[in-house]
Amino acid sequence: MHTSVQYKLSELLALNPEFTQLSVIGSGHINSTWLLKNTDEQFIVQKLNTEVFKHPAQLVSNAQLIEQHLNTKQLQNNYPLEVIKHIATYNREYLIEIDNEHYRVLNYISNSYSEDVIKNAQQSEQAAYAFGVFANALQDFDAQQLHTVIPDFHNLAMRFEQLNTAITNNIINRVKHCADEIKYCLSQQHLITELNNITQHIPLRVCHNDTKINNMLFCSTTHKAKAVIDLDTCMAGFWLYDFGDMVRTFCSPEAEDSTNLHNVVIRKDIFSAIVKGYVAPLKSSMSTLERESLLLGAKIMPLMLSVRFLTDYLNNDVYFKVAHADHNLERAQNQLALYKNILSNEQWMHERLMS
């Protein structure tokens with residue numbers, strides 16, 4: 001971060017800039033995040049990516065509405081986790097503009113740590129439980145109050161339309177390199193109909209929409225769930241998306257760009273832990289149909305990401321950062337391997353989910 005920005009932030013927070021230190025924190029791919037220390041105070045500073053979040057004020061508004069709701073729940077002893085809070089500047093601003101960049105300041109949750117990779121089933125259960133507790137606390141929050149900060153974020157039909165356009169345009173003649181993957185993806189479009197049918201009969205919920213392991217904090221002492229963080233993509237949606245993203249990011253022992261495709265499988269102990277953790281706080285609130293929809297989410301999320309990786313590969317890698325020419329193709333193959341493994345374990349997963 002530039003020294004002048006650091007100085008301006010210190011000034012806006014009524015801190016002495018001579019005693020202010022900033023260090024990079026976190027591993028997010030969208031926003032830039034720093035830990036700001038000043039004598040005995042610590043804060044989180046984020047620079048918002050306005051290429052992804054076109055209307056940063058809406059993002060902050062969403063997060064503050066959720067923060068206020070969770071604060072109320074906490075005061076009623078109905079929310080056991082800590083709440084991420086926005087810190088105002090001395091002139092009561094929560095969205096800070098410096099040199100045409102947008103920043104916000106959040107409270108720092110001490111005695112905590114995050115993980116980038118699931119280590120074991122116990123950790124998986126704790127993370128899933130935290131996301132379940134978060135969802136449960138927001139059941140009586142009107143999801144339609146939230147701005148749509150990223151339109152069509154989980155629009156499967158639109159993702160297939162984008163793939164078909166990329167196939168038709170074939171701008172750098174890559175279709176021939178992924179004909180099998182394209183054919184297979186297009187054969188799975190029946191999931192669009194399944195999704196449309198089921199979402200007509202289940203409630204619209206507040207969704208976190210990025211339920212990766214590194215979006216929650218563990219307590220450094222007890223190693224239990226401490227806080228759900230990164231509320232940037234919270235929007236109206238369906239719990240099946242959050243459950244599906246946990247399955248997608250927790251269950252495979254391989255990274256999402258690994259080419260060891262025979263290892264890209266659902267670890268049954270991890271899946272069982274996700275179900276146990278996530279469903280426990282929500283059990284009394286979910287209809288049988290909504291609970292069944294979670295399995296559809298587990299199928300949709302890796303398939304949708306496969307389609308997105310393939311689309312970007314065909315479009316000459318304009319969205320996802322790549323390390324080499326076939327990176328997006330390898331990512332697509334990885335997520336398709338996971339999807340196929342889910343299909344082969346679908347009956348077992350259904351039984352585990354509904355037991």
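What follows is calculated from the coordinates using simple rules that are stated; it is not laboratory data. Given the structure is predicted, the values throughout are model-derived calculations rather than measurements. Cβ: placed from backbone, ideal geometry, glycine included. Neighbour counts: every protein chain shown.
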If the label point is 7 Å along Cα→Cβ of residue 158, which residues in the stretch 42-72 have backbone nitrogen under 12 Å from it?
none
Counting Lys +1, Arg +1, Asp -1, Glu -1, what net charge surrounds residue 201 among other residues with beta carbon under 15 Å of its beta carbon?
-1
Helix 121-137 against the longest principal axis of the chain: what's the angle in degrees, Cα atoms only, rounded to the nearest 10?
70
Pairs of lysines in the stretch 3-108 (C-alpha under 26 Å apart; 8 or more residues apart or interchain):
9
Hey, what angle do you get for helix 190-199 against the long axis of the chain, alpha-carbon based, 0 to 90 degrees rounded to 10?
50
Packing-ranked peptide list from 304-315, 146-157, 264-275, highest mean Cβ count within 10 angstrom first, is 304-315, 264-275, 146-157
Determine the distance separating the Cα centre of the stretch 129-177 from the Cα centre of the stretch 296-353; give it in Å without decimals.
13
Computed, not fitted: 222 nm per-residue ellipticity of the chain from DSSP H runs ≥ 4 (each -39500 (n - 2.57)), nearest 500, equal to -14500 deg cm²/dmol
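Using 1/(1 + (r/R0)^6) with R0 = 35 angstrom and r between the beta carbons of residue 50 and residue 268, what's the FRET efficiency to the nearest 0.05?
Rounded to the nearest 0.05, the efficiency is 0.25.
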For the modelled label position 7 Å from the Cα of residue 192 along Cα-to-Cβ, which residues of the stretch 164-183 have backbone nitrogen atoms closer than 16 Å?
164-168, 182-183
Please report, for the Cα atoms of the stretch 3-108, the Rg to one decimal and the Dmax as a whole number; what are they, in angstrom?
14.3, 43
Within the chain, percent of DSSP bridges classed antiparallel, to nearest 5:
95
Just need the relative contact order of the chain here, percent rounded to a whole number, with Cα pairs under 8 Å and 6+ apart.
18
Set the Förster distance to 56 Å, then compute FRET efficiency between residue 87 and residue 179 from the Cβ-Cβ distance, nearest 0.05.
0.60
Paramagnetic label zone (point 7 Å from Cα along Cα-to-C-beta, residue 147; backbone N under 18 Å) in the stretch 58-82:
58-69
